[in-house]
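Coordinate-derived values only; no laboratory data. All figures in this text were calculated on a predicted structure; none of them were measured in a lab. In this analysis, Cβ positions are derived from the backbone assuming ideal geometry, glycine residues included, and neighbour counts consider all displayed protein chains.
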């Protein structure tokens, strides 16, 4: 159908993420025969996560509550790439695809699109490519040596590094990278280490990502843990790099050693744009011989540019007890921002739970975190979970009563936040469900909300007329006496259903807030298709269709349809049993 399928870089979030996606795209295009088969989309605006909220939407975001923080750096492609590179590799986003599309329930790609965003073998990808079924292969920022079985890590990184060197950047970007290399060479003429300390939207209250439970917290690093890492390596040449400029400067000042500097010591950030600062940091990081960091996009990009860098994850240096001890020891010895303190306290809570810390201490961490970040219901959710886990149900009920009377909407919105891998607080749901009791109306209320959101779609489909009629047909098919009563029971069920629908319409007329949301908004929406495949639903649906066309012999046709459905269903059950 198509002669030359294209690999497309489709990310529209952060700059570093987009650059990794472009590198992956050109790598796959070359692997499949021609680098020119690789193209990229480009949105001149930063596109935040679909369920996220952030004030950091412009490329000039720099100061928040008097704290110097480098915000996102997305600018027009013409500010980054040369015109010749753009002419060769840029392509219009004809389907208006956004990275957020993959997080939308039941999102369907166009028939000629194959999205490479899940683990598979290289051979399978080749088969998809050769099939000529697809015109576009969407490429993301994953590590392809991990995602595509058959790609050798060493070869992948060597080729990506080669591709990076071939990218034609603008004079502005080339100049800033050359300037960064010159600056670091003037300070450290020998080997140096980079400690990358990410903060940003995972920590600061300009975004709601800090409320997403543990999602993303291991992309950032508590400042106290960073100090512990420096203590272990304080005789090495170390450059501290991060988006929270004031915090990394505080850490550098604490040590007051010539061999431990902040990236701010190499430049005047006021004179540079966020985009220029990103490439400055990237240039320095890519010249290091060792990087301590997390799997943030900037670190990953630096490691791809220079595959010879040794990488150590900030959370792998110490065990849980050591991390807990380090954060606790340095917590009151430094004057970091309130948001940084809240983030560190949450880590103390998590680590404390893992090592068996006492209830009172865990509770203290969460309460203190709330003092520093009072709008973050993450801490309230964990306080409640702590009460319930310790069988302090009455205390949980009282605490929840206060929450629901003062910030009900905010609390429930946070409790049901949807992250990249699903509902972020799902781990605490069971405690509410098991504590549900007539004596605890507040806990029961939240439990009902959990049931409503978590399994509401499945229950609603089972309450549809098709399922109810089919269920009667199945249950009454087991003996003759029940079977002959089936028509009467079906008519009575239709009567009940219509009565319920009438009552429901009256209720929502009186109070529109009682109107049920669309099925697609439920957490278990993916269960809808499974239930519609149940024998009960299929039989009931066949009967309803017959009633719509009764004047065309619908009931006669329905008899045959029901027989076919039943036979196929029985055959599939026998086949499954045989295979098992």
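Results, tabulated for the structure shown:
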{"read-out": "Gyration tensor (alpha-carbon) shape descriptor, the range 275-323, a/c threshold 1.5", "value": "prolate"}
{"read-out": "Extension gain, residue 408 back to residue 172 (0.36 nm per residue minus Cα-Cα distance, nm)", "value": "80.0 nm"}
{"read-out": "Inter-label distance for residue 498 and residue 449, nm, one decimal - labels placed 7 Å from Cα along Cα-to-Cβ", "value": "3.8"}
{"read-out": "Where only alpha carbons of the range 332-436 are counted, the Rg and the Dmax (Å)", "value": "13.9, 43"}
{"read-out": "Per-residue Cβ neighbour rank within 10 angstrom, fewest leading, 120, 509", "value": "509, 120"}
{"read-out": "Helix axis angle, 359-372 relative to the chain longest principal axis, alpha carbon, degrees", "value": "70"}
{"read-out": "Estimated inter-spin distance, residue 485 and residue 65, nm [label 7 Å along Cα→Cβ]", "value": "6.6"}
{"read-out": "Two-site FRET efficiency, residue 145 against residue 90, from Cβ-Cβ distance with R₀ of 41 Å, rounded to 0.05", "value": "0.95"}
{"read-out": "Between 0 and 90°, nearest 10: helix 465-475 axis offset from the chain longest Cα axis", "value": "60"}
{"read-out": "Least to most buried among 357, 53 (fewest other Cβ within 10 Å first)", "value": "53, 357"}
{"read-out": "Part-to-part distance (alpha-carbon centres) for the range 471-506 and the range 76-104, which is given in Å", "value": "56"}
{"read-out": "Gap separating the Cα centres of the range 240-311 and the range 169-215, nearest whole Å", "value": "4"}
{"read-out": "Sequence of 334, 285 once ranked by neighbouring C-beta atoms within 10 Å, starting from the fewest", "value": "334, 285"}
{"read-out": "Cα-based helix-to-principal-axis angle, 153-166 vs the chain, degrees rounded to 10", "value": "60"}
{"read-out": "For the range 1-154: rounded, prolate or oblate by the Cα gyration tensor [a/c cutoff 1.5]", "value": "prolate"}
{"read-out": "More than 32 angstrom apart: percent of Cα pairs within the chain", "value": "59"}
{"read-out": "Gain upon complete extension [residue 34, residue 371; 0.36 nm per residue less C-alpha separation]", "value": "115.6 nm"}
{"read-out": "Cα pair count fraction exceeding 28 Å, expressed as % - the range 85-231", "value": "48"}
